[in-house]
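See structure below.
FYI, it's all coordinate maths here, none of it is from the lab. Computed from a predicted model, the values in this text were never measured in an experiment. Positions of Cβ are backbone-derived with ideal geometry, glycine not excepted, and every protein chain shown enters the neighbour counts.
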Amino acid sequence: MKRLVFAALLMLSLEAFAQDFGQDRTITIWDNSSAPHSNGVTAQEKNENDVITLVTQTQLYIYEADKEKATGQSIVVIPGGGYHCVCIEYEGYKMAKWLSSQGITCGVLKYRLPNGHREVPLEDAIEAMRTMRKMSKELNIDPAKVGIMGFSAGGHLAASASNFAPIDERPDFAILFYPVITGDPATGHRPSLDHLLGHTATDYDRAMYSLDTRVTKNTPPTLLLLSDYDVIVPPAGSALYYAALKKHGIEASMRIYPGGFHGWSMHLDFPYLEDWQAAVMDWLKKRNND
């Protein structure tokens, strides 16, 4: 009984000191002691200018849809950071605030970083989708319209969930911004895969996590948003993913903007900000009507 009381008090304490990103609520999913696998990190989490490292506790920051515009759709938002950190500002809460203002409920995922334990981020992403679906009545969302959105390495994680999660637990749709897709240094991002798989990863490991080779008929409809000027994660990797989606008859759309930079997301100086926002909302509206 004392252990149960202590655990309850500890959880309340963790919730009380949850980071404030303007979210409506914070949901603690689990930590290294309660998750199926640990990432082996024992140091204290750090947040420097909304760049989070050493994550050991998985949390969802919920941004509820504007009630007058609510579509019933929801999205698990996965920031990037090369599987080394979680860039939670432009690719997290700022994105979620905009989406919620458009009627989309969002859960920004602060996921545990792999530290060479490749299974850890994926189990966090899958559990985040389960959590959103379990809370569908409370959040006033449709459990059959839970999508996923990822940026850079977060895009790799979102695409991993699209292809590796149990079929009945996959996202209903995916939106990928300048995602890491392949393990090929020419079309991917070597540091991201090193952080995910470990520096001793083999060519076979990299091939297994080259997601253009993992697409099947069960991969969800996907929107890809890219910049031709991206020198960090070449858009050619996403082109391979798009081709694989079409090969398997998956509804997909891809936009490659003729300017910009890696990591543009909600940056006001990205010249195609209004264009991509309109493209996302048009695509989501179509998904909602299907």
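Let me spell out the model: positive unit charges on the Cβ of Lys and Arg, negative unit charges on the Cβ of Asp and Glu, origin at the Cα centre of the chain. What dipole size does that give, in debye rounded to 20?
660
Just to check I understand the Karplus step: with θ = phi - 60° and J = 6.51 cos²θ - 1.76 cosθ + 1.60, what whole-Hz values come out for the range 38-51, glycine and proline as x?
Result, ordered by residue: 9, 8, x, 7, 10, 6, 6, 4, 10, 10, 10, 6, 6, 10 Hz.
Helix-derived [θ] at 222 nm for the chain: sum -39500 (n - 2.57) over DSSP H runs of at least 4, divide by residue count, nearest 500?
Mean residue ellipticity at 222 nm (helix-derived): -10000 deg cm²/dmol.
Arranged by the count of other C-beta atoms within 10 angstrom, fewest first, what order do His156, His37 take?
By the 10 Å Cβ count, ascending: His37, His156.
Within 10 Å of each residue's Cβ, count the other Cβ atoms and sort Ile175, Ile141, Ile78, Ile232 from fewest upward.
Ile232, Ile141, Ile175, Ile78
Fully extended, how many nm does the chain gain between Ala207 and Trp98 (0.36 nm per residue separation, minus their Cα-Cα distance)?
Extra length from Ala207 to Trp98 when fully extended: 35.7 nm.
Please report the antiparallel percentage of DSSP beta bridges with both residues in the chain, rounded to the nearest 5.
That works out to approximately 40 percent antiparallel.
Set the Förster distance to 41 Å, then compute FRET efficiency between Val51 and Glu138 from the Cβ-Cβ distance, nearest 0.05.
0.85
Candidates [x] 17.3; [y] 16.1; [z] 15.0; which is the computed mean projected area of the Cα convex hull in nm²?
Recomputing mean projected area of the Cα convex hull in nm² here picks out [z].
If you filter the range 35-90 for trypsin sites (Lys or Arg not before Pro), then keep DSSP loop positions with at most 13 other Cβ within 10 Å, what is left?
Lys67, Lys69
Which ³J(HN,Hα) values, rounded to whole Hz and listed in residue order, are derived for the range 77-87 from phi using the Karplus coefficients 6.51, -1.76 and 1.60 in 6.51 cos²θ - 1.76 cosθ + 1.60 with θ = phi - 60°, glycine and proline given as x?
9, 10, x, x, x, x, 6, 10, 8, 10, 8
Got a sec? How would Cys106, Cys85 order by Cβ neighbour count within 10 Å, fewest to most?
The most exposed by this proxy come first: Cys85, Cys106.
Quick check: the distance between the Cα centres of the range 142-217 and the range 113-133, to the nearest angstrom?
12
Would you mind calculating the relative contact order of the chain from Cα pairs under 8 angstrom and at least 6 residues apart, reporting the percent as a whole number?
That works out to 14 percent.
Using a 7 Å offset from the Cα along the Cα-to-Cβ direction at both His248 and Arg25, what is the distance between the two label points in nm, to one decimal?
Result: 3.4 nm between the two label points.
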